[in-house]
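> First, the structure itself, so that you have it in front of you.
The values are calculated or read from the model by the stated rules, or taken from the named source; none is laboratory data. None of these values were measured; they are calculated from a predicted model. Cβ placement follows ideal geometry from the backbone for every residue including glycine, while neighbour counts extend to all protein chains displayed. What goes into the accessible areas is simple: the full protein's heavy atoms, side chains included, and nothing from ligands, DNA or RNA. Shrake-Rupley method; radii C 1.70, N 1.55, O 1.52, S 1.80 Å.
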Amino acid sequence: MRVRLLELELENFTEHRSQTIKYGRITRLSGRNGAGKTSIGTAPVWVLWGIDLNGKKWSPKPTTYDADVTRAAVLLDIDGKSIKLERGIENGKNTFRINDVPAKATEFESTINNLFDRDEFLSLYNPRYFFGLHWTMQREMILRHTTPPAKSEVLKHLPEPQAVKLDELTRKHSLSDLEKIHRDRKNRLEKEHIAAQSRTRTLQDQLLTMDSAPDVTGAQEDIAKIDATIAEIEEAMRGHELTNQRIVTLQHRINSLLQQRDRMKEQFKAINDEPIADTCRVCKQPLQGEAVESAKADKERRIAEFRAEYDRVVAERKAAEAELAGLEYIDVSEKLAELRRWQEARQAIVDAVRAKERREQLERDVEVAREAEKKTLAGLNESIIIIDAIKAYRAKEAELQAEKVQGLFRRLTIRLHKELKNGEIEPDFSIQMDGKDYAQLSFGEQTEAGLELSEVLFGQSELITPVFVDHISEYTGPIAVYDQLITAGAVRDQELKIETEAWAD
Ligand SMILES: Nc1ncnc2c1ncn2[C@@H]1O[C@H](COP(=O)(O)OP(=O)(O)O)[C@@H](O)[C@H]1O
Ligand SMILES: [Mg+2]
């Protein structure tokens, strides 16, 4: 977009009661101090935004004489189309006109906002304006139209392992996301690594205090042998116990049979001495021969029965005595002690096996802890390498960008970054001419710096504006007229004079 100033009308604008200026390709304002040159230079930006050349709110309302109306109207040519914009202060109120048609403040503002960016316009129109901006804004304006170096371009300059790694990783994540991920991971793994180290140490200490592993070769066979021996002993003891029980049972039986025999001897005498009855137990008549015989026979039969029972008791006892004579009581306390000894031996082997298992488990735990520690360290190192690679990338990117931007300037030196103590690169901005800061330059040198800067901005931006160089007599360098130039210079004892050079076409 090309903007040209065609005409300016001022009414009660500072010291200008009524003034019309027709601009040319070059418009030279000259005159004594206070002739109104700067006011004319300021008027277009006041119309557009109500500000002065430095971007500050400003009022041109006269203070030395009374005026109901202050007004400035500027006729612009924008890409060949003209537009007349007017701002006024009428009885303390702001008024606006677009092509002589009254407009509301919001309508006027949006019309202008749609045309151009205020900071960009002012930076081009007033070569001093840029240097009054905050450095972040200055930086943003310088970089606005320079494309940052491409990823592949930056990677080309990095050491191969870093380039390969970043190339792969930045396919999935942006560089800043990648940095966030690995900063977070680094913090986490640093803590984890300390914890893993302490776990390994604790387990190793435990291992040191543990007895060395006992030799348990052949333990299972030994246990099997002992188990067989124990089974044998228990089996033998079971046989002995049965015999011992039998002996006790037989002794009891013999005793009871002896007592029974003695009792029967008594009873036999009583049966034997029993008289044979000679009277009928029913009719009390004396028994006759046959009946007496029968009573005798009855007694004999009962005696015979008794004797048979007696013989059986005696025979049973004799049999028991004979069996008892064949049995031998065996003392098992010896065997019991032997059994206990074997059981203890067995337990000792089992304990040794368990101790060895515990030690082996601990050794495995130590190994696992060492592996975990190694893995954590590897992850940590990986993140550190990536963070360093990102740092290197940023530094290289900044360097390449700085080279690119610096290439646009002749005498000015631009710095876009600063390096922090930890080596990180941070956006920053400074501009110098011949190694001197802007503030240190003389007024004329500042004009020179401003003109070089606006030249670069013109080269980059899509906006072309007039350039207003105030105090031109302070400046002795060349001026490249980009499209339209307005200069103002002091001339002793001279009223305001406006000279123009027309466009060739
Ligand atoms: N708002 C204002 N009202 C009245 N006079 C002003 C106002 N602002 C500036 N002036 C005066 O207008 C005159 C012209 O100023 P200026 O345009 O800066 O002159 P020059 O740049 O030619 O020296 C000066 O005398 C200045 O003091
Ligand atoms: Mg002036």
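> Give the residues of the stretch 419-471 that are within 16 Å of ligand 1 (Cβ to nearest atom) and either open to solvent by 40 Å² or more (accessible area, probe 1.4 Å) or free of Cβ contacts under 8 Å to residues at least 40 places away in the same chain (or both), sorted by residue number.
PHE443, HIS471
> In addition: Does the stretch 33-53 include one or more residues that are open to solvent by 50 Å² or more (accessible area, probe 1.4 Å), farther than 24 Å from GLY132 by Cβ and at pLDDT 95 or above?
No, every residue in the stretch 33-53 fails to be open to solvent by 50 Å² or more (accessible area, probe 1.4 Å), farther than 24 Å from GLY132 by Cβ and at pLDDT 95 or above.
> Okay, moving on. Of the residues that make up the stretch 252-259, is at least one in the same structural domain as LYS356 (by TED's automatic domain parsing), assigned to a strand (DSSP E or B) and without any contact (Cβ under 8 Å) to a residue 24 or more places away in the chain?
Scanning the stretch 252-259, I find no residue that is in the same structural domain as LYS356 (by TED's automatic domain parsing), assigned to a strand (DSSP E or B) and without any contact (Cβ under 8 Å) to a residue 24 or more places away in the chain, so the answer is no.
> Sticking with this structure for a sec: Determine, yes or no, whether SER430 is polar (S, T, N, Q), closer than 26 Å to MET137 by Cα and in contact with a strand residue (DSSP E or B) (Cβ under 9 Å, 6 or more places away or on another chain).
For SER430, the condition - polar (S, T, N, Q), closer than 26 Å to MET137 by Cα and in contact with a strand residue (DSSP E or B) (Cβ under 9 Å, 6 or more places away or on another chain) - is met.
> If you scan the stretch 1-15, which residues turn out to be open to solvent by 20 Å² or more (accessible area, probe 1.4 Å), closer than 20 Å to GLN494 by Cβ and not charged (D, E, K, R)?
THR14
> Filter the stretch 56-89 for residues that are free of Cβ contacts under 8 Å to residues at least 24 places away in the same chain and within 16 Å of ligand 2 (Cβ to nearest atom); which is surrounded by the most Cβ atoms within 10 Å (Cβ to Cβ)?
Only one residue fits best here, namely TRP58.
> How many residues, within the stretch 318-350, are hydroxyl-bearing (Ser, Thr, Tyr) and either part of a helix (DSSP H, G or I) or within 60 Å of the chain's Cα centre (by Cα) (or both)?
1
> All but one of (1) closer than 30 Å to PHE131 by Cα; (2) free of Cβ contacts under 8 Å to residues at least 40 places away in the same chain hold for LEU400, so report the exception by its number.
The single condition LEU400 does not satisfy is (2).
> Another question, if that's okay. Evaluate the following for SER30: is it assigned by TED's automatic domain parsing to the domain that holds ILE472 and more than 14 Å from ligand 1 (Cβ to nearest atom)?
No; evaluated as a whole, the condition is false for this residue.
> In addition: Taking the stretch 1-27 as the search range and keeping residues that are within 13 Å of ligand 1 (Cβ to nearest atom) and over 19 Å from LEU76 (Cβ atoms), which one is nearest to the chain's Cα centre (by Cα)?
So, considering only residues that are within 13 Å of ligand 1 (Cβ to nearest atom) and over 19 Å from LEU76 (Cβ atoms), the one nearest to the chain's Cα centre (by Cα) is THR14.
> Right, another one. Which residue out of ALA395, ALA488, ALA389, ALA449 is touching a Phe, Trp or Tyr at 6+ places or on another chain (Cβ under 8 Å), assigned to a helix (DSSP H, G or I) and among the hydrophobic types (A, V, I, L, M, F, W, C)?
ALA449
> Residue under question is GLY24, and the condition is that it be over 25 Å from GLY132 (Cβ atoms) and either part of a strand (DSSP E or B) or not acidic (Asp, Glu) (or both); does it hold?
Considered against the rule, which asks whether it is over 25 Å from GLY132 (Cβ atoms) and either part of a strand (DSSP E or B) or not acidic (Asp, Glu) (or both), GLY24 comes out as yes.
> Suppose the filter is open to solvent by 80 Å² or more (accessible area, probe 1.4 Å) and among the small types (Gly, Ala, Ser); does SER18 pass it?
yes
> From ALA196, ALA236, ALA219, which residue is closer than 30 Å to ALA389 by Cβ and in the same structural domain as ALA322 (by TED's automatic domain parsing)?
ALA196
> Exactly one of (1) at positive phi; (2) of a type in the set (Gly, Ala, Ser); (3) in contact with a Leu (Cβ under 7 Å, 6 or more places away or on another chain) is unmet by ALA398. Its number?
Going through (1) at positive phi; (2) of a type in the set (Gly, Ala, Ser); (3) in contact with a Leu (Cβ under 7 Å, 6 or more places away or on another chain) one by one, ALA398 breaks only (1).
> Another question, if that's okay. Of all residues in the stretch 57-91, how many are touching a helix residue (DSSP H, G or I) at 6+ places or on another chain (Cβ under 9 Å) and in a loop (DSSP other than H, G, I, E, B)?
Within the stretch 57-91, residues that are touching a helix residue (DSSP H, G or I) at 6+ places or on another chain (Cβ under 9 Å) and in a loop (DSSP other than H, G, I, E, B) number 3.
> Could you please tell me which pairs satisfy a Cβ distance under 7 Å, a separation of 6+ or placement on different chains, a first residue in the stretch 273-299 that is in a loop (DSSP other than H, G, I, E, B), and a second residue that is open to solvent by 60 Å² or more (accessible area, probe 1.4 Å)?
From the stretch 273-299, the pairs are ILE276/LYS296; ASP278/PRO286; GLN285/THR279; LEU287/ASP278; LEU287/THR279.
> Give me a count of the residues in the stretch 472-505 that are closer than 24 Å to HIS16 by Cα, open to solvent by less than 50 Å² (accessible area, probe 1.4 Å) and not aliphatic (A, V, I, L, M).
4
Condition check ((1) more than 14 Å from ligand 1 (Cβ to nearest atom); (2) closer than 20 Å to PHE458 by Cα) across all residues:
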| position | (1), (2) |
| --- | --- |
| TRP46 | no, no |
| SER59 | no, no |
| ALA72 | no, no |
| LEU76 | yes, yes |
| LEU85 | yes, no |
| VAL101 | yes, no |
| LYS104 | yes, no |
| PHE121 | yes, yes |
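> Take LEU29 and tell me if it is in a strand (DSSP E or B), at pLDDT 95 or above, buried (at least 22 other Cβ atoms within 10 Å of the Cβ) and away from ligand 2 (no atom under 16 Å from the Cβ).
In short, no.
> Can I ask one more? Which of the residues belonging to the stretch 32-55 are within 16 Å of ligand 2 (Cβ to nearest atom), without any contact (Cβ under 8 Å) to a residue 60 or more places away in the chain and within 25 Å of ILE78 (Cα to Cα)?
Selection gives SER39, THR42, ALA43, TRP46, ASP52.
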